[in-house]
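Please treat every number below as a calculation from the coordinates, not as lab data. Since this is a predicted model, take the numbers as computed values, not measurements. In this analysis, Cβ positions are derived from the backbone assuming ideal geometry, glycine residues included, and neighbour counts consider all displayed protein chains.
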Amino acid sequence: KVDIVFAPSEKEIYPQGTEGHTYVDVPGLSTMLEGASRPGHFRGVSTIVSKLFNLIQPD
């Protein structure tokens, strides 16, 4: 059962588009786990999670 779904539009996540925006990089994870075979994976995940937290501002 799902009580609520938060699915922001691309415009909400990237209001100025995807070019030239700030990234969140986690150097310690960039070459480990999934990052070892998928360069940029953790940068993408950490960036989008940061954007999500900024949008919903959890307690």
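Key figures for this structure:
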{"item": "All-pairs Cα distance distribution in the chain, expressed in whole percent, bin size 5 Å", "result": "4, 16, 21, 20, 17, 14, 6, 1"}
{"item": "The chain: GluC sites (Glu not before Pro) falling in loop per DSSP and having at most 10 other Cβ within 10 Å", "result": "19"}
{"item": "Positive dipole terminus of the chain, leading residue within 33, 57, 8 (C-beta point charges)", "result": "33"}
{"item": "Neighbour-limited loop hits for chymotrypsin sites (Phe, Trp or Tyr not before Pro), the chain (at most 16 other Cβ within 10 Å; DSSP other than H, G, I, E, B)", "result": "6, 23"}
{"item": "Residue-averaged [θ]222 nm for the chain, counting only DSSP H segments that reach four residues, each worth -39500 (n - 2.57)", "result": "-11000 deg cm²/dmol"}
{"item": "Degrees, to the nearest 10: 41-56 long Cα axis against longest axis of the chain", "result": "20"}
{"item": "Residue-count net charge about residue 40 - beta-carbon cut-off 14 Å; Lys, Arg +1, Asp, Glu -1", "result": "0"}
{"item": "Coil-residue trypsin sites (Lys or Arg not before Pro) of the chain, DSSP, other Cβ within 10 Å capped at 15", "result": "1"}
